[in-house]
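The values are calculated or read from the model by the stated rules, or taken from the named source; none is laboratory data. Because the structure is a prediction, the values reported are computed rather than measured. Positions of Cβ are generated from backbone atoms using ideal geometry, with glycine treated the same way; all protein chains shown enter the neighbour counts.
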Amino acid sequence: MADPALHPETPPLHRTQPLEEIAIDYTPEACNHCAESNSITLTYDHRGGARWRTTTRFRYGTFSAQIRCPGGNTSGLNFNLYLSTLEGDKSQDEIDFEFLGKDRTIVQTNFYNAGTGKREKIHHLGFDCSDGFHLYVIKWAPDSIEWLIDGEIIRKEERKESLGFPHRPMFLYASIWDASKVAKGRWTGSYVGCDAPYHCLYKEIHVPAAGTAVVEDF
């Protein structure tokens with residue numbers, strides 16, 4: 001993906017820059033970050049998974065990454081790219097791309113306001129997300145959210161006065177974890193683990209450019 005910051009026609013709100021610094025929330029030895037190549041590898045194995053995030057929160061803007069999901073029997077696992085005010089906070093605002101290990105030909109999108117979600121949609125990718133890198137983009141504005149894959153808008157939501165809409169500054173997160181206990185395995189399947197270790201690769205990660213959106217240190 002060409003950096004929108006280099007194109008004058010890109011609205012200022014959606015100009016971006018490469019991600020340079022991350023924080024690792026758990027299992028740092030299972031997260032390999034190379035700032036020089038702007039790439040991150042998350043691994044799930046006997047140690048469990050790992051999660052990284054930006055070191056600052058952003059209010060609005062464009063967030064993107066080229067992602068190659070893990071292959072093999074990934075049943076039970078969740079791998080993702082998402083925005084959240086704070087992981088684990090039950091009153092969070094959030095905007096998600098979530099891959100469900102039981103079927104790598106689909107992706108789930110969702111968004112939350114003040115802890116209220118239930119806006120899940122399943123999208124058929126037309127490819128296996130482990131076969132190669134694909135570009136996933138979240139474009140978040142005060143009145144709209146767009147999810148794009150390889151340049152195509154797969155979902156757009158507009159703010160409605162009667163419903164809550166994400167508006168608080170959020171981190172960009174990504175993780176790989178065993179979600180097999182969620183909904184008794186109906187969401188991601190039952191974990192098998194016969195092809196561990198599982199690697200989820202992220203590269204060309206972009207976040208809003210300096211001065212284009214509210215930035216708050218954690």
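Annotation note: of 130, 91, the sole residue that is touching a Cys at 6+ places or on another chain (Cβ under 8 Å) and of a type outside the set (Lys, Arg) is 130.
Inside region 142-174, residues that are closer than 28 Å to residue 20 by Cα and of a type in the set (S, T, N, Q) make up a count of 1. Count of region 161-175 residues, restricted to those that are touching a residue at least 24 places away in the same chain (Cβ under 8 Å), farther than 14 Å from residue 94 by Cα and out of contact with any strand residue (DSSP E or B) (no Cβ under 7 Å at 6 or more places or on another chain), is 1.
Could you please let me know if residue 193 is at pLDDT below 95, in a loop (DSSP other than H, G, I, E, B) and of a type in the set (Gly, Ala, Ser)? So residue 193 does not fit the description; no.
The residue of region 73-90 that is surrounded by the most Cβ atoms within 10 Å (Cβ to Cβ), among those that are at pLDDT 95 or above and over 18 Å from residue 26 (Cβ atoms), is 74.
Residues in region 45-67 that are assigned to a strand (DSSP E or B), in contact with a Ser or Thr (Cβ under 9 Å, 6 or more places away or on another chain) and under 12 Å from residue 176 (Cβ atoms): 48, 50, 51, 52. Across region 110-124, the qualifying residues are those that are touching a strand residue (DSSP E or B) at 6+ places or on another chain (Cβ under 6 Å), touching a residue at least 24 places away in the same chain (Cβ under 8 Å) and not hydroxyl-bearing (Ser, Thr, Tyr), and the one among them that is nearest to residue 61 (Cα to Cα) is 111. Does residue 84 fit the bill of being out of contact with any Asp or Glu (no Cβ under 7 Å at 6 or more places or on another chain) and in contact (Cβ under 8 Å) with a residue 12 or more places away in the chain? No: the conditions fail for residue 84. Taking region 39-58 as the range and being crowded, with 17+ Cβ neighbours inside 10 Å and either in contact with a Gly (Cβ under 9 Å, 6 or more places away or on another chain) or more than 25 Å from residue 74 (Cβ to Cβ) (or both) as the test, the residues that pass are 42, 43, 44, 54, 56, 57, 58.
Do we have any residue at all in region 107-119 that's assigned to a loop (DSSP other than H, G, I, E, B) and modelled with pLDDT of 95 or more?
Initially, region 107-119 is screened for residues assigned to a loop (DSSP other than H, G, I, E, B), giving 114-115, 117-119.
Now narrow it down to the ones that are modelled with pLDDT of 95 or more: none.
Checking region 107-119: not a single residue is assigned to a loop (DSSP other than H, G, I, E, B) and modelled with pLDDT of 95 or more.
Scanning region 125-160 for residues that are without any contact (Cβ under 8 Å) to a residue 12 or more places away in the chain and either at positive phi or of a type in the set (Lys, Arg) (or both) turns up just one, 160.
So which of 146, 87, 98 ends up being within 26 Å of residue 38 (Cβ to Cβ), under 15 Å from the mean Cα position of the chain (by Cα) and part of a loop (DSSP other than H, G, I, E, B)? Selected residue: 87, the only one of 146, 87, 98 that is within 26 Å of residue 38 (Cβ to Cβ), under 15 Å from the mean Cα position of the chain (by Cα) and part of a loop (DSSP other than H, G, I, E, B). The residues of region 186-211 that are touching a Gly at 6+ places or on another chain (Cβ under 9 Å), buried (at least 18 other Cβ atoms within 10 Å of the Cβ) and of a type in the set (Val, Ile, Thr), listed by number, are 188, 207. Figure legend. Inter-residue proximity from region 15-30: first residues within 16 Å of residue 50 (Cβ to Cβ), second residues among the charged types (D, E, K, R) and assigned to a strand (DSSP E or B), beta-carbon distance below 7 Å, spacing 6+ or different chains. Indicated pairs: 22/53; 23/53; 25/51; 25/53; 26/51.
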